[in-house]
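The values are calculated or read from the model by the stated rules, or taken from the named source; none is laboratory data. Everything quoted here is computed from the prediction, not taken from an experiment. Positions of Cβ are generated from backbone atoms using ideal geometry, with glycine treated the same way; all protein chains shown enter the neighbour counts.
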Amino acid sequence: MATPSLRKYELPPLPYAPDALEPYISREQLTLHHDKHHQGYVTGANADLEKLEKARQEGAEVDMKALLKELSFNVGGQVLHTLFWPNMAPAGSGGGGKPGGALADRIDREWGSFDRFKAEFTKAAASTEGSGWAALSHCSLTDRLMIMQIEKHNNNVYPMFGILMVLDVWEHAYYVDYKNNRGQFIDAFWNVVNWDTVNKRLENL
């Protein structure tokens, strides 16, 4: 009996040219981040899946705890980066400014103002321990927007929350442009947030 062909993870293309986010994110930085670092998580996740598939076919013993931990890390990296690229857009061409529509209303309801939300999200991103992410998410149980401070790609994630916007604060996201100055990178990010994408994600929950 033939083994069915199983799908693998793939690196999604950038939704804009590599230099489209300049001067806030350079072509060199964006290309390295996408082509090297994101690709690394795609490759790692597929390799982990292949190890699992081989063990099933051959009945081999594997260190399941270690392998599933590694798979969680690599899949988390793939998923978060896949969300990251489209929630940015060139400044003045969809990126930056303030959100409108339902998202603006929900932010005002939760934080009182966009400025308060921006300050809290910025603090979450700046204070993420080690490498990780800040994310704007939605809780379906309370119908509230919440900020997640994700360590690595898979720690402190709120289970089943819909993720609306992410900011990668691993050094690989900004070291070419900002060296080790995470704060400058976070400030730059607000100039390229694609609020239309974030709004659509909220509408599709």
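Things worth noting here:
- Only residues that are out of contact with any Phe, Trp or Tyr (no Cβ under 6 Å at 6 or more places or on another chain), crowded, with 20+ Cβ neighbours inside 10 Å and aromatic (Phe, Trp, Tyr) were counted in the stretch 171-205, giving 2.
- Here the stretch 123-170 is the region considered, the condition is being among the charged types (D, E, K, R) and within 23 Å of residue 100 (Cβ to Cβ), and the residue that is surrounded by the fewest Cβ atoms within 10 Å (Cβ to Cβ) is 143.
- Residue check: residue 116 meets all listed conditions (1) at negative phi; (2) under 15 Å from the mean Cα position of the chain (by Cα); (3) not aliphatic (A, V, I, L, M) but one, namely (2).
- Every residue from the stretch 3-49 that is of a type in the set (Val, Ile, Thr) and surrounded by fewer than 18 Cβ atoms within 10 Å (Cβ to Cβ): 3, 31, 43
- Residue that is modelled with the lowest pLDDT [pool: residues in the stretch 1-44 that are small (Gly, Ala, Ser) and more than 16 Å from the chain's Cα centre (by Cα)]: 2
- Test: residue in the stretch 172-179 that is in contact (Cβ under 8 Å) with a residue 12 or more places away in the chain, part of a helix (DSSP H, G or I), under 14 Å from the mean Cα position of the chain (by Cα) and on the phi < 0 side of the Ramachandran plot: yes
- Residue in the stretch 8-29 that is in a helix (DSSP H, G or I), of a type outside the set (Lys, Arg) and either under 28 Å from residue 199 (Cα atoms) or in contact (Cβ under 8 Å) with a residue 12 or more places away in the chain (or both) present: yes
- Any chance residue 125 is in contact with a helix residue (DSSP H, G or I) (Cβ under 6 Å, 6 or more places away or on another chain), outside any loop (DSSP other than H, G, I, E, B) and not basic (Lys, Arg): yes
- Unmet requirement for residue 167, which otherwise passes all of (1) more than 19 Å from residue 89 (Cα to Cα); (2) of a type outside the set (Asp, Glu); (3) assigned to a strand (DSSP E or B): (1)
- Members of the stretch 143-169 found to be under 21 Å from residue 70 (Cα atoms) and either of a type in the set (Asp, Glu) or in contact (Cβ under 8 Å) with a residue 40 or more places away in the chain (or both), listed by number: 150, 151, 152, 153, 154, 157, 168, 169
- Within the stretch 67-122, the set of residues being part of a helix (DSSP H, G or I), crowded, with 19+ Cβ neighbours inside 10 Å and among the small types (Gly, Ala, Ser) comprises 76, 77.
- Filter result for residue 61 (over 19 Å from the mean Cα position of the chain (by Cα), at pLDDT 95 or above and not in a helix (DSSP H, G or I)): no
- Residue count for the stretch 45-58, restricted to those that are touching a Leu at 6+ places or on another chain (Cβ under 9 Å), at pLDDT 95 or above and not charged (D, E, K, R): 2.
- Residues of the stretch 50-61 satisfying the condition of being among the acidic types (Asp, Glu) and either surrounded by 14 or more Cβ atoms within 10 Å (Cβ to Cβ) or out of contact with any helix residue (DSSP H, G or I) (no Cβ under 8 Å at 6 or more places or on another chain) (or both): 50, 53, 58
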